[in-house]
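Undergrad: Before we start, here is the structure in question, set down as structure tokens.
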Amino acid sequence: MKSRKILLLFLLTLALAFAMVAGAGCAPSEAPQHTHTFAEGWTFNDSEHWHAATCGHSSERDSVAPHDIDGDGKCTVCDYETAPAPEKMTFEQLVADHKE
């Protein structure tokens, strides 16, 4: 009688262990993570430049930064060109232009 109880307990334990192992494969899996992809070239506006997303998420941007304008009015990173500054004139030039 005692050996039957031990055998029954062993079989129940074995069945429980098998159910736990088999059920582990049925656990809900996590959704795969999306990795954004970005253009190699720069996109820019009047104040900054960035790499635009190429994965369909148009609101995503990478490497967003303000322009780094050189002495010629051109961004050293993305080649954005600012409007040229108006030419400075001296008072004498203004008076001379007015006399003509």
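Undergrad: Return the only residue of Glu48, Glu40 being surrounded by 12 or more Cβ atoms within 10 Å (Cβ to Cβ), acidic (Asp, Glu) and modelled with pLDDT of 95 or more.
TA: Going through Glu48, Glu40 in turn, the sole match is Glu48.
Undergrad: In the range 87-100, which residues are outside any helix (DSSP H, G or I) and at pLDDT below 75?
TA: Selection gives Glu100 alone.
Undergrad: Looking for something surrounded by 10 or more Cβ atoms within 10 Å (Cβ to Cβ) and either within 30 Å of Glu81 (Cα to Cα) or at pLDDT 90 or above (or both) - is there at least one such residue anywhere in the range 2-22?
TA: no
Undergrad: Something else about it: Note down all Cβ pairs under 8 Å where the first residue falls in the range 61-73 and is closer than 13 Å to Trp50 by Cα, the second is surrounded by 10 or more Cβ atoms within 10 Å (Cβ to Cβ) and among the acidic types (Asp, Glu), and they're at least six residues apart or on different chains.
TA: Pairs found: Val64/Glu48; Ala65/Glu48; Pro66/Glu48; His67/Glu48.
Undergrad: Those residues that are out of contact with any Ser or Thr (no Cβ under 9 Å at 6 or more places or on another chain) and assigned to a loop (DSSP other than H, G, I, E, B), I need them from the range 41-71; list them, please.
TA: Gly41, Asn45, Ser47, Gly56, His57, Ser58, Ser59, Glu60, Gly71
The values are calculated or read from the model by the stated rules, or taken from the named source; none is laboratory data. Source: prediction; values computed, not measured. Neighbour counts are summed over all protein chains in view; Cβ atoms, including those assigned to glycine, are modelled from backbone coordinates with ideal geometry.
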